[in-house]
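A quick write-up on the structure given underneath.
All of the numbers you see were taken from the coordinates with simple rules; none came from a lab. Model, not experiment: these values are computed from the prediction. Cβ placement follows ideal geometry from the backbone for every residue including glycine, while neighbour counts extend to all protein chains displayed.
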Amino acid sequence: MESNINETKYRRAQDRVAKLKRFYGRVFRGVLAIIITGAINYYLNEWTHPWFLWVVFGVGLSLSLKAFRLFGTHLLFGKDWEERKVKELMDKDVF
């Protein structure tokens with residue numbers, strides 16, 4: 001029984017680390033894409049038309065949504081929130 005719990009925790013930890021690794025890889029690729037497009041934009045027109053800001057906006061929006069999915073859901077409506085809400089409703093006895 002104890003080994004099953006440890007195996008489950010280990011698998012969940014492995015999954016979390018894999019998700020974090022993918023996210024940090026996406027951050028690196030996004031920053032690299034912004035740098036490359038910024039350099040191309042500067043080379044072509046020396047910031048007179050900063051079209052690379054659209055890339056910054058797109059990459060930033062994409063990364064923020066992925067970060068919210070990875071980190072934010074636990075902050076707002078995670079297990080702790082569910083347990084607190086159940087306990088609060090049980091204490092109030094309002095059903």
- Query: About its Cα centre, how strong a charge dipole does the stretch 1-90 have in debye, to the nearest 20, once Lys and Arg get +1 and Asp and Glu get -1 at the Cβ?
  - Reply: 240 debye
- Rounded to the nearest 10 degrees, the helix 2-45 long axis (Cα) sits at an angle to the longest Cα principal axis of the chain of 20 degrees
- Quick one: which of 24-35, 39-50 comes out on top by average Cβ neighbours within 10 Å, and what's the full order, highest first? 24-35, 39-50
- The base-10 log of I(q)/I(0) that the Debye equation returns for the chain at q = 0.13, 0.23 Å⁻¹, one scatterer per C-alpha, is -0.70, -1.10
